[in-house]
There are 2 protein chains.
Amino acid sequence: MGTFRFHVAVSLDGYVAGPHQGVENPLGVGGMELHRWLFDLEAWRASEGQEGGEVNASTTVIEEAQANIGAVVMGRNMFGGGPGPWTEDPPWKGWWGENPPYHVPVFVLTHHPREPLKMDGGTTFFFVTDGIRSALDEARRAAGDKDVLLGGGASVIQQYLAGSIDRFELRVVPIVLGDGERLLENVGDLELEQVRAIEAPGVTHITYRVVRG
Amino acid sequence: MGTFRFHVAVSLDGYVAGPHQGVENPLGVGGMELHRWLFDLEAWRASEGQEGGEVNASTTVIEEAQANIGAVVMGRNMFGGGPGPWTEDPPWKGWWGENPPYHVPVFVLTHHPREPLKMDGGTTFFFVTDGIRSALDEARRAAGDKDVLLGGGASVIQQYLAGSIDRFELRVVPIVLGDGERLLENVGDLELEQVRAIEAPGVTHITYRVVRG
């Protein structure tokens, strides 16, 4: 069985999004700055169809984080489409267009049933209504020997952290957001081990393993 | 003129002390774990009169942090002796015994005047009652070309961060405290630049420079 893991950019004061998040501003005020180090990378620019950009220590970290993923779990907010049942017309298909960057089965946590949504490029969204345990089980089955990536957001990460996450990587970004959505809240007692730390321009990538008693 | 800087160990959720701080438990519940990486070091053990211990990447970081310091500024809580005027008998002389580990002038912020307190080994405590600006000015004069170290605690760091701190080093420790004293609260808009990150056993040392407009 692979590992169940996540990676997320976090401000120095512990936020994964700024205040006043909304459809117009999904990362909140100032939250886009969490990803400034990413936007300069050649790997990112290429994925957006742009040329140029840097290759630095973050490049390898990102490639590793994206490797060996067999399935993804994410919360309803991360998939989008607003709260409540799936009533949009045309139906909401996520933020990522016809060919989402996952290319594996993605299990979306929701309270509202919906038929699976097959996209281009190997991504199929499955909508799981019977809880986080069940979503992880399904994702593990789909992933086989590969890893399951937890996409987010913060509240879903918090729910999974105490019981199921094997390891995670923080991308510690030199900004202070002052308010917004905190990552490590309500996670109870958590025994962690630092696995490695990688310095890169504008960010430090630190990997932690969750130690189970 | 030297730099004005601080270094502090911080949990993954941003605390520099756990909950329920007090005389019996100055670092709060769980707060001692912030320094676990330190207690294993030969450099620490030697300063406590003990033999053995590790030499690792943290050793160099600590030596650098302790070098070139010409004066120290600290808050009343860090010096100790309780709130209010200096009425203890015998007079409170800080937590560090007759030969404190500073060996330079130390400027203690307080609301209550007190004569300077000369200790063994070159440390003299000066008690500054006219505010943080004045304490820093006095410390800079005493330090000459050397650096001024801000000892803490968190509230004093917050007061100095926006206007005066040149650089600081976070010792990011793989623990989650859940509650306690946060470091980066009420610091306003702060433009930072990551200077370097050093991986060491059980801790990552990240240095930031404060960018002034």
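The values are calculated or read from the model by the stated rules, or taken from the named source; none is laboratory data. Given the structure is predicted, the values throughout are model-derived calculations rather than measurements. With ideal geometry, Cβ positions are generated from the backbone for all residues, glycine too; neighbour counts draw on all protein chains shown.
Annotations
- Scanning region A:200-213 for residues that are at pLDDT 95 or above and farther than 16 Å from residue A:10 by Cβ returns A:201, A:209, A:210, A:211.
- Unique residue being on the phi < 0 side of the Ramachandran plot, without any contact (Cβ under 8 Å) to a residue 12 or more places away in the chain and away from chain B (no Cβ under 14 Å) when the list is A:153, A:163: A:163
- Residue under evaluation residue A:7, criteria (1) farther than 26 Å from residue A:146 by Cβ; (2) buried (at least 16 other Cβ atoms within 10 Å of the Cβ); (3) not β-branched (Val, Ile, Thr), criterion not met: (1)
- Of everything listed in (1) farther than 21 Å from residue A:161 by Cα; (2) surrounded by 15 or more Cβ atoms within 10 Å (Cβ to Cβ); (3) not polar (S, T, N, Q), the single unmet condition for residue A:84 is (2).
- Restricting attention to region B:33-56, the residues that are surrounded by 14 or more Cβ atoms within 10 Å (Cβ to Cβ), among the hydrophobic types (A, V, I, L, M, F, W, C) and out of contact with any helix residue (DSSP H, G or I) (no Cβ under 9 Å at 6 or more places or on another chain) add up to 1.
- Region B:63-81: number of residues that are surrounded by 16 or more Cβ atoms within 10 Å (Cβ to Cβ) and under 20 Å from residue B:143 (Cα atoms): 9
- Entry remark, region B:132-159: residues being assigned to a helix (DSSP H, G or I), at pLDDT 95 or above and under 19 Å from residue B:206 (Cα atoms) number 2 in total.
- All of (1) facing chain A (nearest Cβ under 8 Å); (2) in a loop (DSSP other than H, G, I, E, B); (3) among the aliphatic types (A, V, I, L, M) hold for residue B:177 with one exception: (1).
- Residue that is within 19 Å of residue A:26 (Cα to Cα) and out of contact with any helix residue (DSSP H, G or I) (no Cβ under 8 Å at 6 or more places or on another chain), where the choices are A:82, A:75, A:122: A:82
- If you go through region B:5-25 and keep only what is on the phi > 0 side of the Ramachandran plot and within 14 Å of another protein chain (Cβ to nearest Cβ), you end up with just B:14.
- One residue from A:121, A:94 being touching a Pro at 6+ places or on another chain (Cβ under 8 Å), surrounded by fewer than 14 Cβ atoms within 10 Å (Cβ to Cβ) and either without any contact (Cβ under 8 Å) to a residue 24 or more places away in the chain or not in a strand (DSSP E or B) (or both): A:121
- Test result for residue B:185, modelled with pLDDT under 95, facing another protein chain (nearest Cβ under 10 Å) and either in contact with a strand residue (DSSP E or B) (Cβ under 7 Å, 6 or more places away or on another chain) or not in a strand (DSSP E or B) (or both): yes
- Hey, residue A:144 away from every other protein chain (no Cβ under 14 Å) and out of contact with any His (no Cβ under 7 Å at 6 or more places or on another chain) or not: yes
- The residue of region B:202-213 that is surrounded by the fewest Cβ atoms within 10 Å (Cβ to Cβ), among those that are assigned to a loop (DSSP other than H, G, I, E, B) and more than 8 Å from chain A (Cβ to nearest Cβ), is B:213.
- Of all residues in region B:167-194, those that are among the acidic types (Asp, Glu) and surrounded by 18 or more Cβ atoms within 10 Å (Cβ to Cβ) total 2.
- Across region A:127-137, the qualifying residues are those that are buried (at least 18 other Cβ atoms within 10 Å of the Cβ) and of a type outside the set (Gly, Ala, Ser), and the one among them that is nearest to residue A:80 (Cα to Cα) is A:127.
This table checks each residue for (1) at pLDDT below 95; (2) within 14 Å of chain A (Cβ to nearest Cβ); (3) in contact with a His (Cβ under 7 Å, 6 or more places away or on another chain).
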| site | (1), (2), (3) |
| --- | --- |
| B:27 | yes, no, no |
| B:30 | yes, yes, no |
| B:40 | yes, yes, no |
| B:43 | yes, no, no |
| B:49 | yes, no, no |
| B:52 | yes, no, no |
| B:59 | no, no, no |
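- Residue match in region B:191-200 (condition: more than 7 Å from chain A (Cβ to nearest Cβ), in contact with a helix residue (DSSP H, G or I) (Cβ under 9 Å, 6 or more places away or on another chain) and on the phi < 0 side of the Ramachandran plot): yes
Let's see how each residue does on (1) more than 23 Å from residue B:1 (Cβ to Cβ); (2) touching a Ser or Thr at 6+ places or on another chain (Cβ under 7 Å):
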| position | (1), (2) |
| --- | --- |
| B:86 | yes, no |
| B:103 | no, yes |
| B:119 | yes, no |
| B:134 | no, no |
| B:139 | no, no |
